[in-house]
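Enquirer: Right, I'll just put the structure down here and ask away after.
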Amino acid sequence: MNTKRLIIDVLPEEHKRLKLKAAELGTSMKVMILEAIRLMELNACASSSHIPNETTRKAMKNASEEKNLIKGKKAEDVLKKLGL
């Protein structure tokens, strides 16, 4: 995997706040920042004061990582598997 390093300058108190929040969420600062960007891309934070709950965040993460997807050839197949 080809990766790139990203360095950002933040004040010590901002770094501490980010580090504490990541620990609180049980994740790394990298994952937390990437998830925040993903949420902004989905326009969940940028145009709304609504913040997705934990269940929704997990579903969004699974979808973006293509995990635990319910698949079907037609929409009707997926709806049937969902019990709808």
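Bear in mind that the values in this text are calculations on the coordinates, not laboratory data. Owing to the predicted nature of the structure, the values given are computational and were not obtained by experimental measurement.
Enquirer: What whole-number value in cubic angstrom gives the convex hull volume per residue for the C-alpha atoms of the chain?
Expert: On the way: hull volume 13.6 nm³, N = 84.
Dividing the Cα hull volume of the chain by its residues yields 162 Å³.
Enquirer: Could you tell me how many degrees, from 0 to 90 and to the nearest 10, lie between the Cα long axis of helix 12-25 and the main elongation axis, the longest principal axis, of the Cα atoms of the chain?
Expert: Helix 12-25 sits at roughly 30 degrees to that axis.
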